[in-house]
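Novice: The structure is given below, and queries will be raised subsequently.
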Amino acid sequence: MNDDARDRAHWEAVEEATELLNEERFHEALVVLRDVIKQDPLNPYGFHFLGIALFEVGELEPARDAYRACLRLAPLHLGARIALCHVLRTLGDTREAVKEGLAALSQAPGDSDALHAVGLAYVARGDKVAARRYLEAFLEARPEFEVATEVRAILAGLDQPMTN
């Protein structure tokens with residue numbers, strides 16, 4: 001099987017799961033995705049969408065591991081790298097979150113999702129200067145209103161003095 005055919009087969013294998021994820025039926029998607037991976041442990045999309053489902057049900061460490069598995073199989077999977085950045089930040093591993101976010105940006109310079117992820121990782125790390133740089137670059141990409149409003153609030157908060 002050539003690479004295109006293998007990629008197509010990997011996508012087809014996760015179609016049902018992606019529909020369940022879109023319908024926010026995360027637990028059902030988990031069952032389907034575990035079956036997909038059992039049938040083909042080399043399906044990077046199976047691991048990527050497993051990470052999404054696990055994150056949505058609050059299983060952060062397994063989500064992190066699923067994204068890492070996806071990246072072992074498909075090192076250039078930008079969505080998995082950005083999601084891994086967010087999960088690591090949420091888990092408090094801000095050093096690794098920044099590292100993954102910067103790797104995503106080196107892969108896709110100027111990508112708004114990667115800029116957002118790196119900016120949030122720097123906020124979590126307490127590096128206001130770097131956070132501002134990446135979040136302002138994110139805003140220049142003209143994101144959707146809701147997320148732009150959230151980022152503007154974060155940026156305004158960076159200007160506030162720390163209080164005890």
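Novice: Filter the stretch 40-69 down to the residues that are part of a helix (DSSP H, G or I) and small (Gly, Ala, Ser), then identify the one that is farthest from Glu24 (Cα to Cα).
Specialist: Taking the candidates together, the pick is Ala69.
Here's the yes/no breakdown for (1) buried (at least 17 other Cβ atoms within 10 Å of the Cβ); (2) of a type in the set (Ser, Thr, Tyr):
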position	(1), (2)
Leu20	yes, no
Glu28	no, no
Leu33	yes, no
Pro41	no, no
Tyr45	yes, yes
Gly51	yes, no
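Novice: Related question: Looking only at the stretch 27-78, how many residues end up being closer than 16 Å to Arg8 by Cα and not hydrophobic (A, V, I, L, M, F, W, C)?
Specialist: Matching residues across the stretch 27-78 total 9.
Novice: How many of the residues making up the stretch 16-44 are of a type outside the set (A, V, I, L, M) and over 18 Å from Tyr67 (Cα atoms)?
Specialist: So the answer is 8.
Novice: Suppose we filter Gly92, Gly101 for residues that are part of a helix (DSSP H, G or I) and either under 28 Å from Glu59 (Cβ atoms) or among the acidic types (Asp, Glu) (or both); which single one remains?
Specialist: Working: Gly92 fails: part of a helix (DSSP H, G or I).
None of the other options fit; the residue is Gly101.
Novice: Take the residues in the stretch 67-122 that are of a type in the set (Ser, Thr, Tyr) and under 18 Å from Leu135 (Cβ atoms), then tell me which one is surrounded by the fewest Cβ atoms within 10 Å (Cβ to Cβ).
Specialist: Residue satisfying both the conditions and the ranking: Thr90.
One line per residue, one yes/no per condition, for (1) within 30 Å of Arg6 (Cα to Cα); (2) polar (S, T, N, Q):
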| site | (1), (2) |
| --- | --- |
| Ala74 | yes, no |
| Thr90 | no, yes |
| His116 | no, no |
| Ala121 | no, no |
| Pro143 | no, no |
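Novice: Looking only at the stretch 76-86, decide whether some residue is within 16 Å of His48 (Cα to Cα) and either at pLDDT below 95 or not in a helix (DSSP H, G or I) (or both). Lay out the reasoning, then the answer.
Specialist: Going through the stretch 76-86, the residues within 16 Å of His48 (Cα to Cα) turn out to be 76-86.
Those left that are additionally either at pLDDT below 95 or not in a helix (DSSP H, G or I) (or both): 76-77.
Yes.
Novice: Going residue by residue through the stretch 38-51, is there one that turns out to be of a type in the set (S, T, N, Q), over 19 Å from the mean Cα position of the chain (by Cα) and more than 19 Å from Leu120 (Cα to Cα)?
Specialist: Yes, some residue in the stretch 38-51 is of a type in the set (S, T, N, Q), over 19 Å from the mean Cα position of the chain (by Cα) and more than 19 Å from Leu120 (Cα to Cα).
The values are calculated or read from the model by the stated rules, or taken from the named source; none is laboratory data. Computed from a prediction, not measured in an experiment: that's the story for all the values here. Heads up, the Cβs are rebuilt from the backbone with ideal geometry, glycines too, and the neighbour counts pull from every protein chain shown.
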